[in-house]
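S.K.: Take a look at the following structure, please.
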Amino acid sequence: MGEQTPSHAKKFNTELTDYSKAHVEKTGPYASNLEVDSLIVGGGFAGVFMLKTLRDRGHKAVIYEAGNDIGGTWRWNCYPGAAVDSEVPEYEFSWPEVWKTWNWSTNYPNYEDLRAYFDHVDKVVGIKKDCAFNTVVVGAHFDTNLGRWLVKTSDGRTAKAKYLILGTGFAANRYVPPWPGMDKFKGIIHHSSFWPDEKIDVKGKRCAVIGTGASGVQIVQAWGPVADELKVFQRTPNLAIPMRKRELTITEQENAKRFYPELFKYRENTFVGLLYDWQEKDTFDDTPEAREELYEKMWADGGFRFWAGVYKDSLFTADANRESYKFWVKKTRGRISDPRKQDILAPLKMPHFFGIKRPCLEFNYYEQFNRPSVDVVDIHDNAIKEFDEAGIVLEDGTRYDFDVIAVATGFDIVTGAMTQLGLKSINDTKLEDEWKNGANTYLGTTVGGYPNLFNIYGAHGPTLLANGPTCVEVQGRWIADCITKMEANGIKYINPKPEAVKAWKDHILELNNLTLFPTTRSTYMGGSIPGKVREPVCYIGGMYRYAKEARKALDTMDGFDKVMD
C-alpha cells in the first residue's frame, strides 16, 4: 500500500476527509452518478464480507472506502507494533476458497500480515474491482418516493442505492484531544490510527506515547527497545494480559484445516466469538487452590482466556471480579522492578473492575519499564495542559521535550463511525444530532427513521465484546437474508418501528445493568470523549444469544414498518 496522502498540508492528519481525492476516472465504482443495488461504506472485514455475499446473490454492489486499499483497520493502523488481538483461525473469513489457499506465520498477525491477507482475499474472490478508494461519504438521505438512498462524497460525486450498508465498524472516527499548541510542535507527531506508511526512525530520539490503550501498548513495545528516551503518559492503568504469540508452521495449519468448517461454526456459539468460553461454574464454587490452578492455566494459555475463559460470574459479581484482579496484580507487579512504576502501572488498589475495560494483549509491555530509558508519567491528576515548540507541558507546569510524539488517544468509539457521515433521516433530522443524547438502533443492525440502512459491528451489536470476523459474518448474513426476504416479497423499504427501537434499547440497558460495566466509563459505556453521553453501546449478552434474538426478529419482521413496491 502506498502512503495515505492528505489532500492538503496539515501538521498531521486528523480527519477522514484528509484522505479524499478528486478522481480522474469516472467509470465503474468511480462514476459521478453511480447507481447500484447496495452501496457499502468501508472496505474492512464488514465491507468485504457484504460485497462478496451480496454479489453472490446477484446484487450489484460497490464499496466506498476512505483509504486507498481494502483492509479497513489494517490499512489505517500501520503504527509501530500494530497487530491484531484475536488469534487465527478465529480472526479470518470462513470462506473455504480463501482459507484453503492461505497460511499464517504467527497466531497473532501484525498489520503487514493482515494487509497481505486482504490482498490474498482480493486475488481469490475479486474485491478491489468493485471499490472506490479515497472516497469519503459526507452526506446521505433516503428518498421515500424513489425508495433509494442518495449519497454524496467529499469530492462531489453522488450515488443512488436501494440499500446503504455501513461497514464502518467501531473505530472509524479518531479522537484527538484539543490540546492548545499542537500545531506549534517542531518535532514529528501523528495519531496512531493516521500513522504514515513510511517508517519513522526513533533510534537516538526522545519519544512520547500519549495514551495506554491497545495502540499505546503496542507502540511502547515497539519503541521501548529502540528509542533513546521514551515517556508514556498514562491517565488510567491498562490491565493488559499476556498474548502468548508464537510462530505457526504450514504443516500444523494444513493438518488443522480439516476442522476449520466446524471451528467457524463453533466460534458463533461462544460468548465472545472465539474458540473458548466461560467456565460453567462460579468463582467461589472452587477452592482457593483450584481457583489459582484455573487462573494459572488461563494465564499461561494466553489471549483473552484470562478474561473470557475464566469463571462465568467474573464480569457480573464484584467479589468474583476482585479475585481476578488479585491474581492479575500479583502476576503483573512481579514483572516490574521499580516500586514507583509498579504502583502506577499495576496498583494494589483496583482502579476499576477487571475486564470491564476491554483488556489489551501484550507480550513484553511491562518489561519495557524496567529499561532506564523508559518511564511512565501519571497524568490522572496532572493532565496535559498544552504543547509548545519543544514538547508537552502539564497542568502543574512540568514540561518534557520530545522529538517524536505518538497520540494514541483512541476514537469516538462505536457511535462516532456512523455520526460522521452526514446521515439525514426521513424526518429531516441528522443522526449526529439524534445520537447526542444516546444511540438508538433496532437489533444493532438498523436505525429508526433511516429506511434500508444497515450497519455492522457498530452500536448495540456485540461489537467490542466480540471477535470482529465472527460478529461481521453473523450480522452480515442477517443483513443479506433480510435484503433477500425484502426482494422476494416486493418490499420497497423497511423502517424500524419506534416501539421496536425502544424495546431494543431497553434490552441493551437491562443486559448491561446485570453486569459490572456501568461502574466505569469505558469503551463499552460510550468511551471517554468529553461531553459524550455515558451509556452502554454494545450488546452484552454474548454472540450466541444475540444471533438467536436477531434471527427471531427477522423471522417475523414485526419490528419493521414495511412499504411495498
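The values are calculated or read from the model by the stated rules, or taken from the named source; none is laboratory data. Because the structure is a prediction, the values reported are computed rather than measured. Cβ: placed from backbone, ideal geometry, glycine included. Neighbour counts: every protein chain shown.
S.K.: Can you find even one residue in segment 449-471 that is aromatic (Phe, Trp, Tyr) and modelled with pLDDT of 95 or more?
M.R.: We begin by selecting, within segment 449-471, every residue aromatic (Phe, Trp, Tyr); these are 450, 454, 457.
Right, trim to modelled with pLDDT of 95 or more and you get 450, 454.
Scanning segment 449-471 turns up at least one residue that is aromatic (Phe, Trp, Tyr) and modelled with pLDDT of 95 or more.
S.K.: Follow-up question, since we're still on this one. So, in segment 318-346, of the ones that are acidic (Asp, Glu) and part of a helix (DSSP H, G or I), which residue ends up farthest from Phe369 (Cα to Cα)? Full working, then the answer.
M.R.: Keep residues of segment 318-346 that are acidic (Asp, Glu), which gives 319, 323, 338, 343.
Then keep just the ones that are part of a helix (DSSP H, G or I); that gives 319, 323, 343.
Working: Asp319: 30, Glu323: 26, Asp343: 12 Å.
Checking each candidate, the answer is Asp319.
S.K.: Looking only at residues in segment 82-106 that are among the acidic types (Asp, Glu) and part of a loop (DSSP other than H, G, I, E, B), which one is farthest from Ser193 (Cα to Cα)?
M.R.: Narrowing segment 82-106 to residues among the acidic types (Asp, Glu): 85, 87, 90, 92, 97.
Imposing the further condition that a residue be part of a loop (DSSP other than H, G, I, E, B) reduces the set to 85, 87, 90, 92.
Numbers: Asp85: 16, Glu87: 21, Glu90: 24, Glu92: 21 Å.
Taking the candidates together, the pick is Glu90.
S.K.: Look at Tyr276 and say whether it is among the aromatic types (Phe, Trp, Tyr), assigned by TED's automatic domain parsing to the domain that holds Lys330, closer than 17 Å to Gly302 by Cβ and at pLDDT 95 or above.
M.R.: Details: among the aromatic types (Phe, Trp, Tyr): yes; assigned by TED's automatic domain parsing to the domain that holds Lys330: yes; closer than 17 Å to Gly302 by Cβ: yes; at pLDDT 95 or above: yes.
Judged against the criteria, Tyr276 is a match.
S.K.: Report, ordered by the first and then the second residue, all pairs with beta carbons closer than 9 Å, sequence separation of six or more or different chains, a first member in segment 388-406 that is within 19 Å of His191 (Cβ to Cβ) and touching a residue at least 60 places away in the same chain (Cβ under 8 Å), and a second member that is surrounded by 15 or more Cβ atoms within 10 Å (Cβ to Cβ) and hydroxyl-bearing (Ser, Thr, Tyr).
M.R.: Gly391/Tyr400; Ile392/Tyr400; Ala406/Tyr79; Ala406/Ser192; Ala406/Ser215
S.K.: Looking at this structure, is Ala459 among the hydrophobic types (A, V, I, L, M, F, W, C), assigned to a loop (DSSP other than H, G, I, E, B) and closer than 30 Å to Leu275 by Cα? I'd like the intermediate steps shown before the answer.
M.R.: Values: among the hydrophobic types (A, V, I, L, M, F, W, C): yes; assigned to a loop (DSSP other than H, G, I, E, B): yes; closer than 30 Å to Leu275 by Cα: yes.
So Ala459 fits the description; yes.
S.K.: Now a separate question. Return the residues of segment 523-557 that are of a type in the set (S, T, N, Q), modelled with pLDDT under 95 and not in a loop (DSSP other than H, G, I, E, B); say none if nothing qualifies.
M.R.: Start the filter on segment 523-557 by keeping residues that are of a type in the set (S, T, N, Q), which leaves 523, 528, 556.
With modelled with pLDDT under 95 added as a condition, the list becomes 523, 528.
Answer for segment 523-557, where residues must be of a type in the set (S, T, N, Q), modelled with pLDDT under 95 and not in a loop (DSSP other than H, G, I, E, B): just Thr523.
S.K.: Condition first: loosely packed, with under 14 Cβ neighbours inside 10 Å and farther than 26 Å from Leu315 by Cβ. Can you find one or more residues in segment 344-366 that meet it?
M.R.: No, that holds for no residue.
S.K.: To continue, here is another question. Can you tell me which residue is nearest to Ile426 (Cα to Cα) among those in segment 473-522 that are in a loop (DSSP other than H, G, I, E, B) and among the hydrophobic types (A, V, I, L, M, F, W, C)? Outline the logic, then answer.
M.R.: First, pick out the residues of segment 473-522 that are in a loop (DSSP other than H, G, I, E, B): 489-490, 497, 514-516, 520-522.
Imposing the further condition that a residue be among the hydrophobic types (A, V, I, L, M, F, W, C) reduces the set to 514, 516.
Working: Leu514: 35, Leu516: 37 Å.
This residue is Leu514.
S.K.: Let me spell it out: the conditions are (1) touching a helix residue (DSSP H, G or I) at 6+ places or on another chain (Cβ under 7 Å); (2) at pLDDT 95 or above; (3) outside any helix (DSSP H, G or I), and Lys385 meets all of them except one. Which number is the exception?
M.R.: Status for Lys385: all satisfied but (1).
S.K.: Right, something else. Could you tell me which of the residues Asn145, Asn107 is at pLDDT 95 or above and within 30 Å of Cys360 (Cβ to Cβ)? Before the answer, list the steps.
M.R.: Values: Asn145 fails: within 30 Å of Cys360 (Cβ to Cβ).
Among Asn145, Asn107, only Asn107 is at pLDDT 95 or above and within 30 Å of Cys360 (Cβ to Cβ).
Rundown of residues vs (1) within 18 Å of Ala46 (Cβ to Cβ); (2) surrounded by 15 or more Cβ atoms within 10 Å (Cβ to Cβ); (3) outside the structural domain of Gln253 (by TED's automatic domain parsing); (4) touching a helix residue (DSSP H, G or I) at 6+ places or on another chain (Cβ under 7 Å), yes/no style:
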position: Glu90; (1), (2), (3), (4): yes, yes, yes, yes
position: Asn107; (1), (2), (3), (4): no, yes, yes, no
position: Ser154; (1), (2), (3), (4): no, yes, yes, yes
position: Ala159; (1), (2), (3), (4): no, yes, yes, no
